[in-house]
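The structure appears right after this line, and notes come after that.
Rule-based calculations on the coordinates, nothing more; no lab input. Values in this document were obtained by computation on a predicted structure and should not be read as measured data. Cβ atoms come from the backbone with ideal geometry, glycine included; neighbour counts cover every protein chain shown.
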Amino acid sequence: MKADSIISLDHGSGGLASQNLISGLFLRYLRSPQLHDLEDCAILGEYCGRIAFSTDSYVVDPLFFPGGDIGKLAVHGTINDLAMRGARPIALSLALIIEEGFAYADLERVVASISACSEASGVAVVTGDTKVVPKGKVDKIFVNTSGIGIASHRHNISGTKAESGDAVIISGTLADHGITIMSAQAGIAIDGDIKSDTQALHRLVATLLECNTGVVHVLRDPTRGGLATTLCEIARSSGVDITLEEERLPIRGSVNTACEMIGLDPLYLANEGKMIVICDRDGAEDVLQLMRRTPEGRDAALIGWVGESGEGRVSLTTRIGGSRLLEPLTGQPLPRIC
């Protein structure tokens with residue numbers, strides 16, 4: 001095995017091995033001029049508007065899965081967190097904690113994925129950090145991304161803004177990411193094209209906000225805890241009740257089958273490329289049609305309504321006319337899903 005075929009503690013020492021790792025790998029893929037300055041922070045310039053800032057860490061297992069990898073999740077996840085407040089993402093930071101002995105080829109694969117997603121999204125990685133820890137102190141690799149964005153003064157998107165009578169829209173099919181990771185972890189082969197839905201949503205958000213000022217009240221991406229838990233958080237924050245209609249929920253047949261096999265509820269599984277849109281009822285059809293004309297929202301569906309002010313409850317009207325109360329997720333049903 002070549003000396004540089006694995007990551008060693010030397011690569012996190014700050015010395016020559018660290019410099020070689022940065023110049024030979026990271027700077028080869030991540031090309032923003034701010035990052036190549038190798039300063040402790042990046043000066044981004046002057047912008048008009050409110051600065052948005054977000055950070056998240058990613059520890060998915062397995063690192064590579066159908067439709068994505070830990071690098072894609074990190075870039076898309078932070079971009080989407082900014083977009084859910086109506087912000088335009090402008091820059092990302094990248095920090096890696098790497099286990100001694102981690103394969104250099106796998107690290108390169110992760111960094112190449114980060115580079116491709118960053119370039120495709122138009123949001124550059126402008127600063128970063130790398131640490132290598134002794135074997136057993138971390139599981140393979142953990143990734144942190146932070147993001148900065150600019151939010152217009154014209155919009156005040158918040159999970160506290162759902163209003164009585166609003167429509168609830170989801171931008172596409174549910175549970176694709178969660179069931180992909182769970183199937184991989186369980187070693188279960190499932191028929192059908194099941195893969196993660198990871199994607200950046202900032203362009204879809206920009207399209208909505210440019211055309212519908214004041215109509216959109218809430219944007220949220222239903223990641224860990226899934227649709228049900230996220231809606232429970234919104235309902236509590238806004239002081240309203242929300243009712244979903246089961247027959248309107250967009251869930252792929254293969255995903256439904258997989259959930260039944262494993263014994264999971266798709267309403268509680270993570271989504272990494274979908275968003276909830278809560279908007280004025282009168283503008284809901286326009287919002288829905290606009291979303292369906294975009295690649296990210298082509299499978300968008302109106303799935304429910306915001307009721308009167310209440311106790312922050314979320315309920316599901318079943319196909320046979322019954323009602324099921326949806327509680328927030330408790331416990332941790334899936335290890336290392338994002």
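Picking from Q34, L82, I148, whose Cα lies most toward the positive end of the charge dipole for the range 9-151 (charges on Cβ: Lys, Arg +1; Asp, Glu -1)?
Selected residue: L82.
With each label point set 7 Å from Cα along the Cα-Cβ vector, what nm distance links E260 and R236?
Distance between label points: 3.3 nm.
Taking amide hydrogens as modeled 1.01 Å from N in the peptide plane, which residues meet the under 5 Å criterion relative to G68, leaving out close sequence neighbours?
Sorted by chain and number, the residues that satisfy this are S196.
How large is ³J(HN,Hα) for each residue in the range 180-185, as worked out from phi by the Karplus curve 6.51 cos²θ - 1.76 cosθ + 1.60 (θ = phi - 60°), to whole Hz, x for Gly and Pro?
4, 5, 5, 5, 5, 5
Would you mind calculating the gained length between I188 and I51 on full extension (0.36 nm times residue separation, minus the Cα-Cα distance), in nm to one decimal?
44.9 nm is the gain from fully extending I188 to I51.
Charges on Cβ only, +1 for Lys and Arg, -1 for Asp and Glu, centred on the Cα centroid of the chain; of T294, S18, S121, which one is farthest towards the dipole's positive end?
Toward the positive end, the furthest listed residue is S18.
Could you check which residue among G165, G15, G149 shows the biggest mean-square fluctuation in a GNM of the chain with a 10 Å Cα cutoff?
Checking each option, the largest mean-square fluctuation is seen for G15.
If we sort 229-240, 135-146 on the protection proxy, mean other Cβ atoms within 10 Å, highest first, what's the order?
Descending mean neighbour count gives 229-240, 135-146.
Evaluate E = 1/(1 + (r/R0)^6) for L325 and E108, where r is the Cβ-Cβ distance and R0 equals 56 Å; express this FRET efficiency to the nearest 0.05. Present the calculation step by step, with values, prior to reporting the outcome.
On the way: r = 48 Å, r/R0 = 0.86.
Efficiency, rounded to the nearest 0.05: 0.70.
Defining a contact as two alpha carbons under 8 Å apart and six or more residues distant in sequence, what relative contact order in percent does the chain show?
Normalised by residue count, the contact order of the chain is 23 percent.
Please state the charge dipole magnitude for the range 167-326, taken about the Cα centre, from unit charges on C-beta atoms (+1 on K and R, -1 on D and E), reported in debye and rounded to the nearest 20.
On the way: 15 positive and 22 negative charges, 34 e Å.
Taking the Cα centre of the range 167-326 as origin, the dipole is about 160 debye.
What list of ³J(HN,Hα) values in whole Hz, one per residue of the range 271-277 in order, does the Karplus curve 6.51 cos²θ - 1.76 cosθ + 1.60 (θ = phi - 60°) give from phi, with Gly and Pro shown as x?
Rounded to whole hertz, the list is 10, 10, x, 10, 9, 8, 10.
Share of antiparallel DSSP beta bridges in the range 9-151, in percent to the nearest 5?
Here the antiparallel bridges make up roughly 70 percent for the range 9-151.
Quote the charge dipole size of the chain about the Cα centre in Debye, to the nearest 20; the model charges only the Cβ of Lys and Arg (+1) and of Asp and Glu (-1).
So the magnitude is around 240 debye.
Sticking with the crude label model, points 7 Å out along Cα→Cβ, report the distance from E163 to E311 in nm, one decimal please.
Spacing of the two 7 Å Cα→Cβ label points: 2.7 nm.
In whole Hz, what ³J(HN,Hα) sequence does the range 248-256 give by Karplus (6.51, -1.76, 1.60; θ = phi - 60°), x for Gly and Pro?
Listing the rounded values in order: 8, 5, x, 10, 4, x, 5, 5, 4 Hz.
Along the Cα→Cβ direction, 7 angstrom out, place labels at K135 and L16. What is the inter-label distance in nm?
That separation, rounded to one decimal, is 2.5 nm.
So between D282 and N156, what do we pick up on full extension, going 0.36 nm a residue minus the alpha carbon distance?
Numbers: separation 126, 0.36 × 126 = 45.36 nm, distance 1.89 nm.
Extra length from D282 to N156 when fully extended: 43.5 nm.
Going by amide H atoms built from the backbone, whose H comes under 5 Å of the H on V168, apart from near neighbours?
For V168, whose amide H was placed from the backbone, the distant partners under 5 Å are I303, G304, W305, V306.
Picking from D69, D81, D193, which is most flexible by a Gaussian network model of the chain using Cα springs under 10 Å?
D193
For the chain, what does -39500 (n - 2.57) per DSSP helix run (n ≥ 4), summed and divided by total residues, give at 222 nm, in deg cm²/dmol to the nearest 500?
-8500 deg cm²/dmol
Starting from the amide H of I90, placed 1.01 Å from N in the peptide plane, find each other amide H under 5 Å away whose residue is 5 or more places distant or on another chain.
I148, G149, I150
Under 10 Å, Cα contacts only: if you run a Gaussian network model on the chain, which one of L38, L96, L269 comes out with the highest mean-square fluctuation?
Among L38, L96, L269, the largest GNM mean-square fluctuation belongs to L38.
For the range 9-151, what is the charge dipole size about the Cα centre, in debye to the nearest 20, if Lys and Arg each add +1 at the Cβ and Asp and Glu each add -1 at the Cβ? Display every interim value, and only then the final one.
Details: 11 positive and 16 negative charges, 57 e Å.
For this selection, approximately 280 debye.
On a 25 Å Cα-Cα criterion, which of the cross-link pairs K72/K131; K72/K274; K72/K161; K72/K195 come out too long?
Values: K72/K131 20 Å; K72/K274 14 Å; K72/K161 30 Å; K72/K195 13 Å.
Table pairs above 25 Å Cα-Cα are K72/K161.
How big is the antiparallel share of DSSP beta bridges in the chain, given as a percent to the nearest 5?
Antiparallel bridges make up about 75 percent of those DSSP assigns within the chain.
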